[in-house]
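Derivation of every value follows stated rules applied to the coordinates shown; laboratory data play no part. Quantities reported herein were computed from a predicted structural model and do not represent experimental measurements. Cβ: placed from backbone, ideal geometry, glycine included. Neighbour counts: every protein chain shown.
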C-alpha cells in the first residue's frame, strides 16, 4: 500500500552502503596518489603519477616510462620535498603500491618507506576507482588540458612539456572546492614538514618494517570476509556489502577491524586478530614522528 501511494522505497531504490571517506575520518594532512597512462604513436606507454593534497588541491607530478615500485618511490620522495610528508596517503591496491600479490602478508618497499617516514597508508576498496575520485579527476584534467591538446612524438617531449601543466594547474586553475583560490594560494596556509635531501640520502637499505599503522577500507564479501594483503579475514556475513576499516598495527602485531554504521554513529570495534610479522619491527625515529593524527 505504501508503494502504491508513492510512500515506500522499491527494491531498486535501496540506499548504497555507507562509505567512510578518509577526508572526513582522519585528522591531519591527507594526500591521494594515483597514476594514469597514455600511448605514444609508436606504441610505448607514458605514465603520469599524481599526488594531490585533498584539502588544498596542490599537486605534484612525475612522468615515467613504467609504474614499478622504484618509480612510485621516486615520485613520492620528490613530492614530499615540496608538498611535505602527509600524515595519511590514500591510494588503490596496485601491486606497485601494496607490494604485489605473490604471497600473503607481504610488506612491499613502498609500504616500508611510508612506515619508516611515519606516514599511514589508507588502501581504498579493491576495484572501486571512484573512491579515489579527487585524484581521478586530476588525471582526467591532465588528459583533457594537456595530453589531448598537443602532439607528442617521444617520451622526452612529454617529460619536458609536463611542468607547464603543473604550473598552470597550481597558479591559474581554481578548483571549485577552493572558492576561487588556486592550489598555490591554498597551499600557503598548509603546515608542511618537507623531506630534505639529506634524510633521503640516509634512508636505510634494505628498509625495515617500522612501528606504525597501515589501513584498509574494504567491502565485506558475501561469505563475510575481507582481503588484507592477500589473506582473507572473517568479519560477519550479516554485514556483507558493508564497508569496514581495517588497521594493521605493526608494533603490536595486531589487526583491528572497525565498523561505522553511518556518519552519525560512533566507530565500533568488530574484530581483533593477532598479526604475526616474521621480522623485527623497528622503532619510529623521532624526526619522523607526527603529532596525534586520528
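Some values worked out for this structure:
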quantity: Residue match in the stretch 273-281 (condition: within 19 Å of residue 22 (Cβ to Cβ) and in contact with a helix residue (DSSP H, G or I) (Cβ under 8 Å, 6 or more places away or on another chain)); calculated: no
quantity: Residue 181, sole failed condition from (1) within 24 Å of residue 134 (Cα to Cα); (2) in a helix (DSSP H, G or I); (3) out of contact with any helix residue (DSSP H, G or I) (no Cβ under 9 Å at 6 or more places or on another chain); calculated: (2)
quantity: The lone exception for residue 186 - which of (1) closer than 17 Å to residue 60 by Cβ; (2) out of contact with any helix residue (DSSP H, G or I) (no Cβ under 7 Å at 6 or more places or on another chain) it fails; calculated: (2)
quantity: Considering residues of the stretch 165-178 that are out of contact with any helix residue (DSSP H, G or I) (no Cβ under 8 Å at 6 or more places or on another chain) and in contact (Cβ under 8 Å) with a residue 40 or more places away in the chain only, the residue surrounded by the most Cβ atoms within 10 Å (Cβ to Cβ); calculated: 166
quantity: Test: residue 115 is within 23 Å of the chain's Cα centre (by Cα) and either part of a helix (DSSP H, G or I) or surrounded by 13 or more Cβ atoms within 10 Å (Cβ to Cβ) (or both); calculated: yes
quantity: Qualifying residue in the stretch 189-205 (condition: free of Cβ contacts under 8 Å to residues at least 24 places away in the same chain and either under 30 Å from residue 102 (Cβ atoms) or not in a helix (DSSP H, G or I) (or both)); calculated: yes
quantity: Residues satisfying the stated conditions in the stretch 87-112, i.e. touching a strand residue (DSSP E or B) at 6+ places or on another chain (Cβ under 7 Å) and in a helix (DSSP H, G or I); calculated: 97, 98, 111, 112
quantity: Residue, farthest from residue 237 (Cα to Cα), within the stretch 258-284, restricted to residues that are assigned to a strand (DSSP E or B) and without any contact (Cβ under 8 Å) to a residue 40 or more places away in the chain; calculated: 274
quantity: Filtered residue count, the stretch 36-60, keeping only those that are surrounded by 14 or more Cβ atoms within 10 Å (Cβ to Cβ) and over 30 Å from residue 23 (Cβ atoms); calculated: 1
quantity: Residue in the stretch 41-57 that is closer than 30 Å to residue 172 by Cα, in contact with a helix residue (DSSP H, G or I) (Cβ under 6 Å, 6 or more places away or on another chain) and free of Cβ contacts under 8 Å to residues at least 24 places away in the same chain present; calculated: no
quantity: Complete set of residues in the stretch 61-74 that are more than 19 Å from residue 168 (Cα to Cα) and surrounded by fewer than 23 Cβ atoms within 10 Å (Cβ to Cβ); calculated: 64, 65, 66, 67, 68, 69, 70, 71, 73, 74
quantity: Residue that is more than 24 Å from the chain's Cα centre (by Cα), assigned to a helix (DSSP H, G or I) and either surrounded by fewer than 16 Cβ atoms within 10 Å (Cβ to Cβ) or touching a residue at least 12 places away in the same chain (Cβ under 8 Å) (or both), where the choices are 186, 161, 153; calculated: 161
quantity: Residues being without any contact (Cβ under 8 Å) to a residue 40 or more places away in the chain, surrounded by 17 or more Cβ atoms within 10 Å (Cβ to Cβ) and closer than 19 Å to residue 98 by Cα - total across the stretch 226-244; calculated: 3
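Every residue, every condition in (1) surrounded by fewer than 16 Cβ atoms within 10 Å (Cβ to Cβ); (2) within 20 Å of the chain's Cα centre (by Cα), yes or no:
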residue	(1), (2)
250	no, yes
254	yes, no
264	yes, no
267	yes, no
271	no, no
274	yes, no
283	yes, no
287	yes, no
